[in-house]
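These notes concern the structure reproduced below.
The values are calculated or read from the model by the stated rules, or taken from the named source; none is laboratory data. In this text the structure is predicted, and so the values were computed from the model without any measurement. Here the Cβ positions follow ideal geometry from the backbone for every residue, glycine too, while neighbour counts run over all protein chains shown. What goes into the accessible areas is simple: the full protein's heavy atoms, side chains included, and nothing from ligands, DNA or RNA. Shrake-Rupley method; radii C 1.70, N 1.55, O 1.52, S 1.80 Å.
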Amino acid sequence: MDKAGTRIHARIAAQVRRLRAARRLSLAALATASGVSRSMISLVERGEASPTAVVLERLATGLGVPLAALFDAPRERGRLATPLARRAGQLSWRDPGSGYLRRNVSPPNWPSPIRIVEVRFPPGARVAYENAARPPAVHQQVWVLAGHIEITCGAERHRLRPGDCLAMQLDRPIVFANRTRAPARYVVVVAGASAGEVA
C-alpha cells in the first residue's frame, strides 16, 4: 500500500473508532446494526483491512452517518475546522472491490449537512449498496460529468448521460453500474445529518 493509501486507511480507522465510541456502541452492537462482522470491524478500526465501499457503507449506516463522513480527518483538539478544502488536501480512495476512485471534495469536519464527492467509475464497474432508512433522512444527488452510468434505486432504473442529475433518498438498495467500455465521472452531493453530529 502506498503512502496515500496508508493515510486514508488510518483516517477511516480513526473515524470508525471515534464514531463508535461517541455512540457508546460495542463491537457486537455495531456488528448487529451494520451487518459487518465483529472481526472485520476490529480490522478496520486497527487499519489492517482494505474494506470495500459496500462494507464501509454498511458501517456508515450502522453509525448513522453518510459514507463520506468515514473519510474525514480526525479532529485535532484545540483546532477549528476550516471552511476551505484545498485540492492538495483532498485524499482519494480506491474501492478494492470495483476499482472506483472517490475524492471527498468538501471541507472535512465542517458543520454542514452537505457533502460533495467526486467519483471516477471504471468501465464495467458495479457497486451495490444495501441502504436502509436512517434517521434523519439522507438525500443524495448524482450529477454526471462524463461517460454513462446506470443507477438502480429499489425497482427504478435510470440511465444517466453527461449533464444528467438524479435525486434520491438513501432508504433502499442502490446499484451503480458502468456498462460501457469508457470510464465515467460524476459528482455526488449528499445532504442529511452533519457528519460530525452524534446521535
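Worth a mention:
- Flag not set for residue 144, criterion: hydrophobic (A, V, I, L, M, F, W, C), open to solvent by 20 Å² or more (accessible area, probe 1.4 Å) and more than 25 Å from residue 9 (Cβ to Cβ).
- Considering residues of segment 57-71 that are touching a strand residue (DSSP E or B) at 6+ places or on another chain (Cβ under 9 Å) and of a type in the set (A, V, I, L, M, F, W, C) only, the residue surrounded by the fewest Cβ atoms within 10 Å (Cβ to Cβ): 68
- On inspection, residue 149 passes the criterion of being more than 14 Å from the chain's Cα centre (by Cα) and open to solvent by less than 70 Å² (accessible area, probe 1.4 Å).
- If you go through segment 82-100 and keep only what is open to solvent by 30 Å² or more (accessible area, probe 1.4 Å), farther than 25 Å from residue 153 by Cβ and touching a helix residue (DSSP H, G or I) at 6+ places or on another chain (Cβ under 9 Å), you end up with just 92.
- Looking at segment 121-162, none of the strands (runs of 3 or more DSSP E) lying wholly inside it contains 2 or more residues that are acidic (Asp, Glu) and more than 18 Å from residue 65 (Cα to Cα).
- Unmet criterion (only one of (1) among the β-branched types (Val, Ile, Thr); (2) closer than 17 Å to residue 8 by Cβ; (3) surrounded by fewer than 21 Cβ atoms within 10 Å (Cβ to Cβ)) for residue 117: (3)
- Residue within segment 78-86 that is within 17 Å of the chain's Cα centre (by Cα) and of a type outside the set (Phe, Trp, Tyr) present: no
- Failed item, numbered, when residue 39 is tested on (1) on the phi > 0 side of the Ramachandran plot; (2) in a helix (DSSP H, G or I): (1)
- Scan segment 6-46 for residues that are under 14 Å from residue 91 (Cβ atoms), open to solvent by less than 50 Å² (accessible area, probe 1.4 Å) and touching a residue at least 40 places away in the same chain (Cβ under 8 Å) and the total you get is 6.
- The set of residues in segment 101-114 that are part of a strand (DSSP E or B) and either farther than 30 Å from residue 81 by Cα or open to solvent by 70 Å² or more (accessible area, probe 1.4 Å) (or both) contains only 114.
- Test result for residue 182, over 14 Å from the mean Cα position of the chain (by Cα), assigned to a loop (DSSP other than H, G, I, E, B) and modelled with pLDDT of 90 or more: yes
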